[in-house]
Structures are given as C-alpha cells and as structure tokens.
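I have placed the structure first, in the form of structure tokens, so that the comments after it can refer back to it.
The values are calculated or read from the model by the stated rules, or taken from the named source; none is laboratory data. Please read all numbers here as calculations on a predicted model, not as lab measurements. Virtual Cβ from ideal backbone geometry, glycine too; neighbours counted across all protein chains shown. The area values use the complete protein model at the heavy-atom level, side chains included, leaving out ligands, DNA and RNA. Shrake-Rupley method; radii C 1.70, N 1.55, O 1.52, S 1.80 Å.
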Amino acid sequence: MYRSGFVTEKLADALDGYYSEEFQYHFSTIESIEKSESIKNQVHVTVLGERLESNTETIEEVKMMYAIRMNNEGMWSIYTID
C-alpha cells in the first residue's frame, strides 16, 4: 500500500529508506497543511511524531513534510517526503 501512494515507482524506490522495515512511525500532530503557491493542486502536509529504529531500539522525534498533488483524474499521490 505504501508504494501505491507515490506518483511513480521510481520515486517510491528513491524514498524507500524512509519506510524500510527497520523503522516504525507514530505521528501525533499535524503541524500544518499549506497549498503550494508555485505548483497547481499541490499541498504540503507537515507532521510531527516519533520514529523507532528497531535495530537499535532508539526513538527519535521527527518532523516530516509530505508534498501531495491531485492529478487530472482527482487522485492524490505523494510527490516527495522531506
């Protein structure tokens, strides 16, 4: 399901490191939702939470921004994660 949310398989491959099996995320807060001023139908969603790295059992706080965009058919896809 994770990979199907990306606009292309190539982008899913490039961002796979964010969601490898060694990481587990718990997002607790939506910090902001903003329309992109330069890209039509794109929204930036910034979330706060924690990430568990299972190999080391360490937890760190994370802040991640998802750029999502609606295509001409009305489907939303992830265009980047930062």
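Observations
- Cα gyration tensor category, rounded, prolate or oblate, for the chain with a/c compared to 1.5: oblate
- Phi to ³J(HN,Hα) by Karplus 6.51 cos²θ - 1.76 cosθ + 1.60 over the range 33-38, Hz, x for Gly, Pro: 9, 9, 6, 6, 7, 10
- The value of relative contact order for the chain, using C-alpha pairs under 8 Å at least six residues apart, is 26 percent.
- Modelled this way, with points 7 Å down the Cα-to-C-beta line, the labels at Trp76 and Glu37 are 2.3 nm from one another.
- Inter-probe distance in nm under a simple model that places probes 7 Å from Cα toward Cβ, at Thr29 and Ser54: 2.8
- Ellipticity at 222 nm from helices only: DSSP H runs of n ≥ 4 in the chain, each -39500 (n - 2.57), divided by the residue count, give -1500 deg cm²/dmol.
- Per residue, the accessible area of the chain comes to 73 Å², computed with a 1.4 Å probe over protein heavy atoms only.
- Candidate lysines for bridging to Lys63, where Cα separation is under 23 Å - those fewer than 8 sequence places away on the same chain excluded: Lys35
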